[in-house]
Amino acid sequence: MVKILHVADLHLDSPFVGLNKKINHLQKPLIEAPYQAFKRCVSIAINQNVDAVTIVGDIYDSSKQTIYAQHFFSKELERLDKANIPVVLVNGNHDFIQNEQPITYSYNNVHQLTSEDVGHIDLTLKNKETIRFYGFSYNRRWIPERKIEEFPINQGQTDYTIGLLHGDLSSSTSNPTNYSPFTIQELLSKNYDYWALGHIHLAMTLNQNPLIQYSGTIQGRNRLETGDKGAYIIELQKNQPVKSTFISLAKIVYENVEIDCQLSWQANDLVEKINEAIKNYQLETVPNQQSYLLNIILENAQRLPVDLQEQVEKGELVEVVSDYEGESFFVVVVSIELNRQMSLDAFQYDPKLNASYQKAVAGLETNQLYENIMSDVFNHSILRTRLSDVALDESLKEEIIKEAQELLVQSIGFDVEEVDHED
């Protein structure tokens, strides 16, 4: 039997985004979290005595790495080297190799596929079984070509064959994407024993036999990357289905908490319900050895008084419930979202008004109009240096469009219950 630890998307040096100013003092544990997650990953690999570790791209969050991140990663590779555990790694779109000058490692256990051409590495393991890894590294930020076509069909030259692919699942061979697109059928056609995928930050199984899966990232970095994060230990055995075990690595976990608002609620009711959720997660911190950042979603927020909705949107509520006392494990509310069940077809009664509304929404969804409206923000001298990626944040764009739609409907006074009652 062969045991492989499949990990990807470490994103060392990655910033946490979208945090309340009141909890800026959490920056230190947040910055340390991806490093602690990978250190735990290496410890598990050593304790489990795995036969090899595969790292499928995006070791770093940027193609220009800090000295601290490089030194940390090198020392963790050294730990694996001392344990006689080989490492096979490729570079992804974030840590793509510039000018064909990859960061190299002097340890005998490290095997890096640095070319953008698909190549392979053969290993003879402790039990004398052999394994071949096929893969490639990004030498540029975007690879729209279907690199999967370069992966050869397995000829059975080693006991096991594993594909390493940092890329996007596409629905068809004509579906465009900038990150080495592939279909499940294309992967199956190669007849490999296992496909270790990277790029998508959610652990996801695409096929059972043979097993094809994304390991996800090791540490969520924003409120869209919810739930536990980690890696997989894969067990390969001749003529047996591949076994896969998820290992938890994240020290800090984002979670969504939904609270259904009632018509009679005032500010104190919201505070009480949110504090109940905080206490529930506090009970999970020590058993799971994890801290939690909570995104509170107030469902049916249109039931709340308008003044209270405005106060929540201004951040007054999150200021009340986001206290942090400096515990080893913490639970902190980082955002509160109003989810109003507004009827977005409320303008159907007036064809001209509805056409104008639909035109406004469609226009906002185009990049040009969105950029024009947000240009003062994106081009602000201070914001541009402090928030260099804000213009590329798709979640921000989606949130602004959603808020704009709800504001239009709310200003006329329709909600779901009223529209349904009229029908």
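The values are calculated or read from the model by the stated rules, or taken from the named source; none is laboratory data. Here the structure is a predicted model, which means the values were calculated and not measured. Because the Cβ atoms are built from the backbone with ideal geometry, glycine has one as well, and the counts that use them run over all protein chains shown.
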Contacts under 6 angstrom Cβ, first residue in the range 37-57 being touching a residue at least 60 places away in the same chain (Cβ under 8 Å), partner surrounded by fewer than 21 Cβ atoms within 10 Å (Cβ to Cβ) and not hydrophobic (A, V, I, L, M, F, W, C), 6 or more apart: Val50/Lys3; Asp51/Lys3
Between a first residue in the range 238-259 that is in contact (Cβ under 8 Å) with a residue 40 or more places away in the chain and assigned by TED's automatic domain parsing to the domain that holds Gln219 and a second residue that is assigned to a strand (DSSP E or B) and of a type in the set (D, E, K, R), which pairs have beta carbons less than 9 Å apart while being 6 or more apart in sequence or on different chains? Val242/Glu235
Looking at Asn139, Asn91, can you tell me which residue is surrounded by fewer than 19 Cβ atoms within 10 Å (Cβ to Cβ), within 27 Å of Ile200 (Cβ to Cβ) and in contact with a Phe, Trp or Tyr (Cβ under 8 Å, 6 or more places away or on another chain)? Asn139
Please name all residue pairs, on different chains or six or more residues apart, with Cβ atoms under 7 Å, provided the first residue is in the range 109-126 and is of a type in the set (Phe, Trp, Tyr) and the second residue is part of a loop (DSSP other than H, G, I, E, B). none
Any chance you could count how many residues in the range 324-335 are part of a loop (DSSP other than H, G, I, E, B) and either hydrophobic (A, V, I, L, M, F, W, C) or modelled with pLDDT of 90 or more (or both)? 2
Any chance you could count how many residues in the range 282-313 are hydrophobic (A, V, I, L, M, F, W, C) and either outside the structural domain of Ala267 (by TED's automatic domain parsing) or touching a residue at least 60 places away in the same chain (Cβ under 8 Å) (or both)? 1
For Gln341, indicate whether it is under 30 Å from Ile162 (Cβ atoms) and either polar (S, T, N, Q) or over 27 Å from the mean Cα position of the chain (by Cα) (or both). no
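Given the structure, is Val118 under 20 Å from His6 (Cβ atoms), surrounded by 17 or more Cβ atoms within 10 Å (Cβ to Cβ) and under 23 Å from the mean Cα position of the chain (by Cα)?
Details: under 20 Å from His6 (Cβ atoms): yes; surrounded by 17 or more Cβ atoms within 10 Å (Cβ to Cβ): yes; under 23 Å from the mean Cα position of the chain (by Cα): no.
Criteria not met by Val118.
Can you pull out the residues in the range 167-187 that are closer than 21 Å to Tyr232 by Cβ and either touching a Ser or Thr at 6+ places or on another chain (Cβ under 8 Å) or loosely packed, with under 15 Cβ neighbours inside 10 Å (or both)? First the steps, then the outcome.
In the first step, residues of the range 167-187 are kept if they are closer than 21 Å to Tyr232 by Cβ; the result is 167-169, 179-180, 182, 184, 187.
Of everything in the range 167-187, those that are closer than 21 Å to Tyr232 by Cβ and either touching a Ser or Thr at 6+ places or on another chain (Cβ under 8 Å) or loosely packed, with under 15 Cβ neighbours inside 10 Å (or both) turn out to be Gly167, Asp168, Leu169, Phe182, Ile184.
Evaluate the following for Lys243: is it crowded, with 19+ Cβ neighbours inside 10 Å and modelled with pLDDT of 95 or more?
On the way: crowded, with 19+ Cβ neighbours inside 10 Å: no; modelled with pLDDT of 95 or more: yes.
No, not satisfied.
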